[in-house]
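Here the structure comes first, spelled out in structure tokens, and everything after it is commentary.
The values are calculated or read from the model by the stated rules, or taken from the named source; none is laboratory data. Because the structure is a prediction, the values reported are computed rather than measured. Using ideal geometry, Cβ is built from the backbone for each residue, glycine included, and neighbour counts are taken over all protein chains shown. We work out accessible area using only protein heavy atoms, side chains counted, and drop any ligands, DNA or RNA first. Shrake-Rupley method; radii C 1.70, N 1.55, O 1.52, S 1.80 Å.
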Amino acid sequence: MYDLSKVVITSSPHIKASEDTRSIMLDVIIALIPAMAVAVFMFGPRALLQTAVTVIACVVFEKIFCKAAGRPDSTGDLSAVVTGVLLSFVSPVSAPLWVMVIGALFSIIFAKCLFGGIGKNFMNPALAGRAFLLASWPVAMTTWVKAGSWMPILGASQDDINAISGATPLAIIKGSAEGELPSVFQMFVGQTGGSMGEVSALALLIGGAYLVYRKVITINTPVAFILTVAVITLLFPTGGMGNLDSMLYNVFGGGLMLGSIFMATDYATSPVTPKGQIAFGIGCGLITCLIRYFGGYPEGVCYSILLMNCGVWLIDRATRPTKFGAPAKAKKEG
């Protein structure tokens, strides 16, 4: 008996792929380890606890939903684990654990399972959860811990959090917060405040290189996304900075690396054609810059990806390959 879950559905001849959903998700988890290590080093063991709680919550909620809906248990594919890790990564390490559990509930039930489960959701579950938490608890989701100031594992009071909190580089550049702007090198390695899994561009690039090497993702979307932001911020500098500094701070700051490499490339919520992937990345970059330049929020990666997720079906339709050998009318319709 052949394992049909590992068959690549293509035109003949058919081949059997060595990858399945679980192996792909495992590669993503491995690729996130460098960023996790930096988070623990910069913010303390609390980063590991927060990630563990969020992952467990995601897995439990998916198990409960599958049981209640009479569906097969899908937690073995590790997609819920990836959602939990990413949700934790796009949140501040100071976020209360109960807030992260609620975010896991929204991500798994409302952004994933109610649409049919993995592969059927139209938006990235982790980013949907973050957007929900940001709208519901904006203070908790925008209180950033300074790099090197370890967060208490449990029982931290608001005074404890305030004592070690600081502004993110993008907030300082935008003028919405005061603080000392870190150097480009500090931003590159992760010595700055921000969401715990997005502060180190170096760690995220290492993870991205691993995913490309493993052929889990292509470079189309990440390169198009990052280059779009780089070109715009180079030509139109922000915060009274020089052109090059403006570009480097906008590329290495915020969630651009995490979003472009690990979220904009999500199979279920991104285009399938190479041209579509490039168009998707450019669109994400444009919206990110619009939010950063004209919005009240210094970051824009989360909402740019969610907005572009809603147009993936249109991008796929517009970039559908031509049907070779078909009549002219059929080629036009294709």
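The table that follows gives values for the structure above.
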{"quantity": "Any hit, the stretch 16-27, residues being farther than 30 Å from Q191 by Cβ, of a type in the set (A, V, I, L, M) and at pLDDT below 95", "calculated": "yes"}
{"quantity": "Odd one out for E180, checked against (1) outside any loop (DSSP other than H, G, I, E, B); (2) over 18 Å from the mean Cα position of the chain (by Cα)", "calculated": "(1)"}
{"quantity": "Total residues in the stretch 282-312, condition of a type in the set (F, W, Y) and in contact (Cβ under 8 Å) with a residue 24 or more places away in the chain", "calculated": "2"}
{"quantity": "Residue within the stretch 260-273 that is surrounded by 24 or more Cβ atoms within 10 Å (Cβ to Cβ) and of a type in the set (F, W, Y) present", "calculated": "yes"}
{"quantity": "One residue from A201, A156, A147 being closer than 22 Å to G84 by Cβ and either at pLDDT 90 or above or over 18 Å from the mean Cα position of the chain (by Cα) (or both)", "calculated": "A156"}
{"quantity": "Matching residues in the stretch 284-298 - criterion: being out of contact with any Lys or Arg (no Cβ under 7 Å at 6 or more places or on another chain), of a type outside the set (G, A, S) and open to solvent by 10 Å² or more (accessible area, probe 1.4 Å)", "calculated": "L286, I287, L290, I291, R292, Y293, F294, Y297"}
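Results for (1) in contact (Cβ under 8 Å) with a residue 40 or more places away in the chain; (2) among the polar types (S, T, N, Q); (3) closer than 17 Å to V145 by Cα, shown as yes or no for each residue.
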site: G193; (1), (2), (3): yes, no, yes
site: A201; (1), (2), (3): yes, no, no
site: L211; (1), (2), (3): yes, no, no
site: A230; (1), (2), (3): no, no, no
site: G242; (1), (2), (3): no, no, no
